[in-house]
Amino acid sequence: MAFKIREAKDDPTRLQDRRTLFRQQRGKCSGCGFAFEFRNLQVDHIVPVASGGADRLENLQLLCAHCNYAKGKRSQEHLSEYLRKIGITAK
């Protein structure tokens, strides 16, 4: 069964979720900790939907494109390990 993740442009609720996360994270990527503009952060499921994670605000975070690509559908621990290997420890 395939899941379709709501896009902000299609769903006002998802846009509000992104704004809430942006404020909570102070405009920083949850992975690397670097600051980005709102439009450059992507919604990511902390626990991937493919692994049973919910499509709810509590399971969402904003990542930069690099961190989101590196994490993919893997765990948050995978992303943390990857960032440590390339010398990024900020969060």
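The values are calculated or read from the model by the stated rules, or taken from the named source; none is laboratory data. Computed from a predicted structure; not experimentally measured. Backbone-built Cβ (ideal geometry, glycine too); neighbour counts: all protein chains shown.
Annotations
- Filtered residues of the range 58-77 (kept if surrounded by 13 or more Cβ atoms within 10 Å (Cβ to Cβ), modelled with pLDDT of 95 or more and not polar (S, T, N, Q)): L60, L62, L63, C64, H66, C67, A70, K71
- Of all residues in the range 21-34, exactly one satisfies the criterion of being part of a helix (DSSP H, G or I) and either small (G, A, S) or farther than 23 Å from T89 by Cβ (or both), namely R23.
- Residues of the range 29-44 that turn out to be in contact (Cβ under 8 Å) with a residue 24 or more places away in the chain, surrounded by 13 or more Cβ atoms within 10 Å (Cβ to Cβ) and over 17 Å from E81 (Cβ atoms), as a count: 4
- Scanning the range 35-54 for residues that are assigned to a loop (DSSP other than H, G, I, E, B), of a type outside the set (G, A, S) and closer than 15 Å to D17 by Cα returns a single hit, I46.
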